[in-house]
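Student: This is the structure I want to talk about, given as structure tokens.
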């Protein structure tokens, strides 16, 4: 081998080493979270039909690379499509109408090499939460919560993590408020022994009663979770809307998609993902994301 070739090889190795050293390793305590209303796949959406956007939506998820993903409006075939193309994730999701396959799901996904499932299940946003398909108050549709209890393989001796994912009713004012109260009680109980992360489409803005019921202090009792987005972005601005209607410029509405966390977490970043192609978005909601670190 000539001296020139040796010199070139040494230079390439040096450059590769410098690139590797310049890329900081992800903190083992860091957890990437995404909440995504993916729009039910049988909707008559024309050019925005599921079959025409599913690969785009999948790419959006892959680009953020969440450790935990909460989806809403997910039908069985959409749950399975994402599970097939995201093989590194384990999925939990059942139909809201019967607790099996009928109806939309609040399907959640978690990286199986990062987390070990300890427990998991579902409850319904009603006066009889353990009854599949139950609906109360002024709700137009059956609504539910899917949850999973996880052990972090990177910190196996640490407290487990409880991940809740939900979708509140789009019409029932009282239903959204009572749903927030019910979910808050469940989260408060879970937070006694576990770290909590909450994702969902709440169909309510951050000036609403359901938002206050979830995140505000009641008397001397602090809320069991805080709003990651408002933690990082304390001042409300006009372009925080998360319902897009498939239009990337539709940002002036309320921020109805939230990620909440217990006090065990420090929020490093929280964003609304405005990914688009030629003015169109992968779903009729913008996904919201948060990067967290155990305290």
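Student: For the chain, set up a Gaussian network in which alpha carbons nearer than 10 Å are linked by springs, and say which option among 236, 184, 255 fluctuates the most.
Tutor: 236
Student: Okay, moving on. Based on DSSP H runs of at least 4 residues, each adding -39500 (n - 2.57), what is the mean residue ellipticity at 222 nm of the chain after dividing by all its residues, to the nearest 500 deg cm²/dmol? Can you show the working numbers first?
Tutor: Numbers: 6 runs with 75 residues, N = 295.
One gets -8000 deg cm²/dmol as the mean residue ellipticity at 222 nm.
Student: Could you work out the pair-distance distribution P(r) of segment 108-197 from its alpha-carbon pairs, with 5 angstrom bin width and percents rounded to whole numbers?
Tutor: The distribution over segment 108-197 is 3, 15, 23, 21, 15, 11, 8, 4, 1, given as percents.
Student: Which values of log₁₀ I(q)/I(0), to two decimal places, follow from the Debye formula for segment 135-249 at q = 0.19 Å⁻¹ with a uniform point scatterer at every Cα?
Tutor: For segment 135-249, the Cα-only Debye profile gives -1.12.
Student: Over every pair of different alpha-carbon atoms in segment 153-205, take the mean of 1/r and invert it; report that Kirkwood radius in Å.
Tutor: On the way: mean 1/r = 0.0807 Å⁻¹.
Here the Kirkwood hydrodynamic radius works out to 12.4 Å.
Student: Take the Cα pairs of segment 32-294, get the Kirkwood Rh, then feed it into Stokes-Einstein at 25 °C and 0.890 mPa s and tell me D in µm²/s. Can you show the working numbers first?
Tutor: Values: Rh = 18.2 Å.
So the translational diffusion coefficient is about 134 µm²/s.
Student: Still on this structure, please answer the following. Distance in nm between label sites at residue 181 and residue 65, each 7 Å beyond Cα in the beta-carbon direction?
Tutor: Calculated label separation equals 4.4 nm.
Student: Moving to a separate point now. Mind checking the full-extension length gain between residue 193 and residue 100? Use 0.36 nm per residue of separation minus the Cα-Cα distance, one decimal, nm.
Tutor: Details: separation 93, 0.36 × 93 = 33.48 nm, distance 2.88 nm.
Between residue 193 and residue 100, full extension yields an extra 30.6 nm.
Student: At what distance in nm do the modelled label points of residue 131 and residue 218 sit from each other, each positioned 7 Å from its Cα along Cα→Cβ?
Tutor: 2.3 nm
Student: What's the angle, to the nearest 10 degrees (0 to 90), between helix 173-190's Cα axis and the longest principal axis of the chain?
Tutor: Here the helix axis deviates by roughly 60 degrees.
Student: Shifting gears a bit: Counting pairs of Cα atoms in segment 245-295, how many percent are more than 13 Å apart?
Tutor: Result for the distance tail: 61 percent.
Student: Then there is this: Mind pulling up the Rg/Rh value for segment 205-247? Radius of gyration and Kirkwood radius, both on Cα. Could you put the intermediate results ahead of the total?
Tutor: On the way: Rg = 12.6 Å, Rh = 12.1 Å.
Rounded to two decimals, Rg/Rh equals 1.05.
Student: While we're looking at this one, here's another question. Can you give the extra length, in nm with one decimal, that the chain gains between residue 278 and residue 26 once fully stretched, where that is 0.36 nm per residue apart less the Cα-Cα distance? Walk me through the intermediate numbers first.
Tutor: On the way: separation 252, 0.36 × 252 = 90.72 nm, distance 3.27 nm.
Result: 87.5 nm gained on full extension.
Student: What nm distance separates the two modelled labels at residue 263 and residue 157, each placed 7 Å from Cα along Cα→Cβ?
Tutor: Placing both labels 7 Å beyond Cα along the Cβ direction yields 2.5 nm.
Student: Using the alpha-carbon atoms, what tilt in degrees (0 to 90, nearest 10) does helix 50-64 show relative to the longest principal axis of the chain?
Tutor: Between the helix axis and the principal axis of the chain, the angle is about 60 degrees.
Student: Over the chain, with a Gaussian network built from C-alpha contacts below 10 Å, which listed residue (145, 91, 232) shows the highest mean-square fluctuation?
Tutor: Residue with maximal mean-square fluctuation among 145, 91, 232: 232.
Student: Quick one: helix 3-22 against the long Cα principal axis of the chain, what's the angle to the nearest 10°, folded into 0 to 90?
Tutor: Orientation of helix 3-22: about 20 degrees from the principal axis.
Student: Report the residue, chosen from 227, 67, 119, that carries the largest GNM mean-square fluctuation when the chain is represented by alpha-carbon nodes joined by springs under 10 Å.
Tutor: Comparing 227, 67, 119 in a Gaussian network model of the chain, the most mobile one is 119.
A short reminder: the numbers here are calculations on the coordinates, not readings from a lab. Nothing here was measured: the structure is a model prediction, and the numbers come from that model. In this analysis, Cβ positions are derived from the backbone assuming ideal geometry, glycine residues included, and neighbour counts consider all displayed protein chains.
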